[in-house]
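Peer 1: The structure under discussion is supplied below as structure tokens; questions concerning it will follow.
The values are calculated or read from the model by the stated rules, or taken from the named source; none is laboratory data. Note that the structure is a prediction, hence the values are computed from the model and not measured. Every residue, glycine as well, gets a Cβ built from its backbone with ideal geometry; the counts of neighbours run over all protein chains shown. Just so you know, the surface numbers come from the protein's heavy atoms only, side chains and all, with ligands and any DNA or RNA stripped out. Shrake-Rupley method; radii C 1.70, N 1.55, O 1.52, S 1.80 Å.
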Amino acid sequence: MSTEEFRNEQQFITDLYARLDDLRDRAEAAVAQALRTPGVGSNQGRLERDVTVAEQSGLLSAFDAGESGLCFGRLVFRDGRDHHIGRIGIRKDDPNRTPLVVDWRAEIARPFYLATGYEPMGLSRRRHISTRGREVTALHDEVLDLGDATRTGHESRDADEVLLAALDAARTGRMHDIVQTIQAEQDGIIRSPHQGVLVVEGGPGTGKTAVALHRAAYLLYAHREQLAKRAVLIVGPNPAFLGYIGNVLPSLGETGVLLATPAELFPGVRATGTDTPRAAAVKGSAAMADALAAAVRDRQQVPERGAPLVVPHEDGDLVIDWDMALEARHKARETVLPHNLARPYFVFRILDSLAEQLADRIGADPYGGPNFLGPDDRALLAKGIAANPDVHAAVDTLWPSLTPQEFLADYLTEPTHLDDADAAAIRRESGAWTPADVPLLDEAAELLGEDDSAARAAQEAERQRQIQYAQGVLDVSYASRTYEFEDKEELDEDASEVLSAHDIIDAERFAERHEEADHRTAAERAAADRTWAFGHIIVDEAQELSAMAWRLLMRRSPTRSMTLVGDPAQTGDPAGVGAWERILSPYVQDRWEHVRLGVNYRTPAEIMEVAAEVRRAADPGFEPPRSVRSTGVAPWDRTVDDPVKEAADAVAAELRTEGRLAVIAPEGLLPGLIAALPDAAHGAAPDLTRPVVLLDPRQAKGLEFDTVLVVDPEGIVAGAPHGINDLYVALTRATQRLGVIRSAAGDVTPDEAPDLTPA
């Protein structure tokens, strides 16, 4: 019986891939045919071609993503229904479009993740299908209806056999999807309604990142039309993390998602600089919003009393005094518009006042009679003043037009509206933008606004030019048509019977049809648009973001549709807000949902025990997530004179085992380790698929490796404001083995050193 069951599943998988190959061939043929049809002379033709290429290319991406482990499960219901479950849905080529494989996100697939013997959800049995490529390697059956006497020979003694096998598998340097092993508590979070703010808290190894990514895939499946237009943004802590998770959503058939770090959320700016921890904390504090707002108001100046601005003019100097500028500033600020958008109101008021000043001088009656300049004369004077470059230079000194980059660079040279210590911490004359600058640039952009009136005027002028050109084309078409008739009488008789371009389209609509369409995906357009409003935002390691970074993100989510995942116990950023209440209260008060994942799937119990003791140094009542497995391998701890050499020797020994190895050390030791381990990956975005990777604790957030060597734990603790949290992160990255190398010459005394000995 078991051999027959195995053979049947293998035949199903073979037939399934044959169907996939057929669909792939059709999609490739559609792309090739579209590319051979350029649609010359027709924007509609080009649009249809581009849409075809995009749609079919998207299908090809989904097919390629689903190639590995296309089908991983089967549901057998008591009523005789039978469904295979897979990463993407595939249907037969029949009139009814009968499902061959049901997408894991479909409602009918939920029993695969939720059914139990106590609540079988109508199932008789649940089968896990393990494959390698296109070959079935194992079947694991869970009997849920004990009254069903049917046995296949593949019944599993342990219901968690498939899960534990996945947890024990060697890491590859890239996160894999968990569609085959989603647990019931995870499934409930993944399928939660997408409106509102959902906070998913969980300690190391609880799968919160995987849950967040699968939630993104589910929301795109369940709300495709809505979210495809607005896109989904996933924010991760660093480039290494984004590289680590980058394959998960494509493996689930989803490619239309924007992945970014907080430092990448201001288009056109690359934040390559670094701040001191103190500077990052100041820049990230909520007080910076008020300081920047006040600094913008400082740019809206008036001359000092008794020291007016004098503007040369051919008819005599013009004067901008305190009263004139103050009244103009008051009127401009009354609009409550951002700085650059309010500037024209200030300028117009100044120009009007100067025109009145000049009119009073030129048109004054020496005998005390009325001013002889009429409205037309005054308008002409105002026009001349508006064209005077000296006038514009004077106005620019009072209310300059500013870009966010200009304003912030100038502000950082002499920070204002902060106390002296904070101002000194962030002061700099020049240098590259830092990640902490990006939220400040975004705040400045909000305060300044963008005066796009000139660009809109140019766009309208080009539109009118296109309309005139289109009208000319239509006129030529009409003239050509009348030429076919010998006389006007014949034209009048037949005109009602023959449609021309004039009859079905006017010049404006004709011009619009020939405008270049934007064929970028929603994610591509969102990446280039600072004001884009996303359909849903997912933030990983959310506890790390500063108050200013949260202001930036909340602007990107006006509907407050967000999923936040993280662990306050792992907060390492000096500006990190940490507590969920402090993050969310300014924006949604208490209208948010909180769930906690309490099971650790990654970290063995032996390692978690050591890490928990370290964390209790900061929080005596700390309780870690419960580990689901034990390896029997205890962490080792050595104190040596040369930790760099010891690390190199330990790496050489560990490389004899399977999997990936990470060496995590404070930043000060990394140069020496790079020299001692020349083949190890390192840098801002290291290649995590390499056998050995060098990381500092902040880079290690969210990652996992088979083996981890933590070098100089005392240095990690001493090197950051939240050093204990950083060490806790470093100690919980291993799935199999952990080694700790201390420096005998360390600055931390034995009494201060964190205890890494299991209780």
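Peer 1: Spot the failing condition for ALA279; the list is (1) touching a Leu at 6+ places or on another chain (Cβ under 9 Å); (2) of a type outside the set (Lys, Arg); (3) open to solvent by less than 20 Å² (accessible area, probe 1.4 Å); (4) not in a loop (DSSP other than H, G, I, E, B), and only one is missed.
Peer 2: It fails just one condition, (1).
Peer 1: What are the residues in the stretch 529-583 that are of a type outside the set (D, E, K, R), in contact with a Gly (Cβ under 9 Å, 6 or more places away or on another chain) and part of a helix (DSSP H, G or I), if any?
Peer 2: Listed by number, the residues that qualify are ALA542, GLN543, ALA547, MET548, ALA549, PRO568, ALA569, GLN570, TRP580.
Peer 1: Can you tell me which residue among GLY253, GLY273 is crowded, with 22+ Cβ neighbours inside 10 Å and part of a loop (DSSP other than H, G, I, E, B)?
Peer 2: GLY253
Peer 1: Here's something else I'd like to know. Name the residue, out of ASP360, ASP377, ASP390, that is open to solvent by 30 Å² or more (accessible area, probe 1.4 Å), modelled with pLDDT of 90 or more and assigned to a helix (DSSP H, G or I).
Peer 2: Only one candidate passes the filter, namely ASP390.
Peer 1: Please give the number of the condition ALA328 fails out of (1) in contact with a Lys or Arg (Cβ under 7 Å, 6 or more places away or on another chain); (2) open to solvent by 50 Å² or more (accessible area, probe 1.4 Å); (3) assigned to a helix (DSSP H, G or I).
Peer 2: Here ALA328 meets the rest and fails (2).
Peer 1: Grab the helices (runs of 4 or more DSSP H) fully contained in the stretch 202-250, keeping just those with 2 or more residues being open to solvent by 10 Å² or more (accessible area, probe 1.4 Å) and farther than 23 Å from TYR601 by Cβ.
Peer 2: 208-222, 224-230
Peer 1: Let me ask something else. Cβ-Cβ distance below 6 Å, separation of 6 or more or different chains: which pairs start in the stretch 414-425 with a residue that is over 19 Å from VAL296 (Cα atoms) and end on one that is modelled with pLDDT of 95 or more and small (Gly, Ala, Ser)?
Peer 2: From residues that are over 19 Å from VAL296 (Cα atoms), the pairs are ALA425/ALA279.
Peer 1: Also, quick follow-up: Scan the stretch 111-120 and give yes if some residue there is within 27 Å of ARG19 (Cα to Cα), open to solvent by less than 20 Å² (accessible area, probe 1.4 Å), within 30 Å of the chain's Cα centre (by Cα) and not basic (Lys, Arg), otherwise no.
Peer 2: Yes, some residue in the stretch 111-120 is within 27 Å of ARG19 (Cα to Cα), open to solvent by less than 20 Å² (accessible area, probe 1.4 Å), within 30 Å of the chain's Cα centre (by Cα) and not basic (Lys, Arg).
Peer 1: So, of the residues in the stretch 171-201 that are farther than 25 Å from HIS140 by Cβ and polar (S, T, N, Q), which turns out to be most open to solvent (accessible area, probe 1.4 Å)?
Peer 2: GLN195
Peer 1: Show the residue pairs that are 6+ apart or on different chains and have beta-carbon atoms under 6 Å apart, the first residue being within the stretch 227-256 and closer than 28 Å to PHE72 by Cα, the second being in a loop (DSSP other than H, G, I, E, B) and among the hydroxyl-bearing types (Ser, Thr, Tyr).
Peer 2: Filtered contacts from the stretch 227-256: GLY256/THR521.
Peer 1: May I pose another question? What is the residue count in the stretch 97-135 for residues that are under 24 Å from HIS223 (Cα atoms) and either at pLDDT 90 or above or not basic (Lys, Arg) (or both)?
Peer 2: The number of residues fulfilling the criteria is 17.
Peer 1: Scanning for something outside any loop (DSSP other than H, G, I, E, B), surrounded by 15 or more Cβ atoms within 10 Å (Cβ to Cβ) and modelled with pLDDT of 90 or more, does the stretch 48-71 turn up at least one residue?
Peer 2: Yes, the stretch 48-71 contains at least one residue that is outside any loop (DSSP other than H, G, I, E, B), surrounded by 15 or more Cβ atoms within 10 Å (Cβ to Cβ) and modelled with pLDDT of 90 or more.
Peer 1: Okay, next question. Can you find even one residue in the stretch 289-310 that is in a loop (DSSP other than H, G, I, E, B), buried (at least 20 other Cβ atoms within 10 Å of the Cβ) and in contact (Cβ under 8 Å) with a residue 24 or more places away in the chain?
Peer 2: yes
Peer 1: Could you please let me know if THR631 is out of contact with any Leu (no Cβ under 8 Å at 6 or more places or on another chain) and part of a strand (DSSP E or B)?
Peer 2: In short, no.
Peer 1: Return the residue satisfying two criteria in turn: it lies in the stretch 136-181 and is at pLDDT 75 or above and among the basic types (Lys, Arg), and of such residues it is farthest from THR657 (Cα to Cα).
Peer 2: ARG151
Peer 1: Which of the residues belonging to the stretch 16-37 are in contact (Cβ under 8 Å) with a residue 60 or more places away in the chain and either closer than 24 Å to ALA138 by Cβ or small (Gly, Ala, Ser) (or both)? Full working, then the answer.
Peer 2: Restricting attention to the stretch 16-37, the residues satisfying the condition of being in contact (Cβ under 8 Å) with a residue 60 or more places away in the chain are 16-17, 19-20, 22-23.
Selection gives LEU16, TYR17, ARG19, LEU20.
Peer 1: For residues in the stretch 153-163 being more than 27 Å from ALA18 (Cα to Cα) and in a helix (DSSP H, G or I), which is farthest from the chain's Cα centre (by Cα)?
Peer 2: Filtering the stretch 153-163 for residues that are more than 27 Å from ALA18 (Cα to Cα) and in a helix (DSSP H, G or I), the one farthest from the chain's Cα centre (by Cα) comes out as GLU161.
Peer 1: Just the residues that are small (Gly, Ala, Ser) and either open to solvent by less than 20 Å² (accessible area, probe 1.4 Å) or in contact with an Asp or Glu (Cβ under 6 Å, 6 or more places away or on another chain) (or both), please, taken from the stretch 677-693.
Peer 2: If the condition is that a residue be small (Gly, Ala, Ser) and either open to solvent by less than 20 Å² (accessible area, probe 1.4 Å) or in contact with an Asp or Glu (Cβ under 6 Å, 6 or more places away or on another chain) (or both), then ALA680, ALA681 are the ones that fit.
Peer 1: So THR335 clears everything in (1) farther than 20 Å from ALA444 by Cα; (2) without any contact (Cβ under 8 Å) to a residue 60 or more places away in the chain; (3) out of contact with any Lys or Arg (no Cβ under 6 Å at 6 or more places or on another chain) except one condition, right? Which one?
Peer 2: With respect to (1) farther than 20 Å from ALA444 by Cα; (2) without any contact (Cβ under 8 Å) to a residue 60 or more places away in the chain; (3) out of contact with any Lys or Arg (no Cβ under 6 Å at 6 or more places or on another chain), THR335 is out only on (1).
Peer 1: Which pairs have Cβ atoms under 9 Å, sit 6 or more apart or on different chains, and link a residue in the stretch 651-676 that is exposed (fewer than 14 other Cβ atoms within 10 Å of the Cβ) to one that is among the acidic types (Asp, Glu)?
Peer 2: THR657/ASP706; GLU658/ASP706; GLY668/ASP712
The rows are residues; the columns are (1) part of a strand (DSSP E or B); (2) among the hydrophobic types (A, V, I, L, M, F, W, C); (3) in contact with a helix residue (DSSP H, G or I) (Cβ under 8 Å, 6 or more places away or on another chain).
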{"site": "SER130", "(1), (2), (3)": "yes, no, yes"}
{"site": "THR137", "(1), (2), (3)": "yes, no, no"}
{"site": "ASP141", "(1), (2), (3)": "yes, no, no"}
{"site": "ASP145", "(1), (2), (3)": "no, no, no"}
{"site": "ARG151", "(1), (2), (3)": "no, no, no"}
{"site": "ALA165", "(1), (2), (3)": "no, yes, no"}
{"site": "ALA170", "(1), (2), (3)": "no, yes, no"}
{"site": "ARG174", "(1), (2), (3)": "no, no, yes"}
{"site": "VAL179", "(1), (2), (3)": "no, yes, yes"}
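Peer 1: Let me ask something else about it. Is there any pair with a first residue in the stretch 607-634 that is under 17 Å from GLY207 (Cβ atoms) and a second that is modelled with pLDDT under 90 and open to solvent by 70 Å² or more (accessible area, probe 1.4 Å) whose Cβ atoms are under 6 Å apart and which are 6 or more apart or on different chains, and what are they?
Peer 2: Within 6 Å, no pair qualifies.
Peer 1: Would you check which residues across the stretch 620-663 are within 29 Å of ARG596 (Cα to Cα) and either of a type in the set (A, V, I, L, M, F, W, C) or in contact with a helix residue (DSSP H, G or I) (Cβ under 7 Å, 6 or more places away or on another chain) (or both) and list them?
Peer 2: PHE622, PRO624, SER627, VAL628, ARG629, SER630, THR631, VAL633, ALA634, PRO635, ALA662
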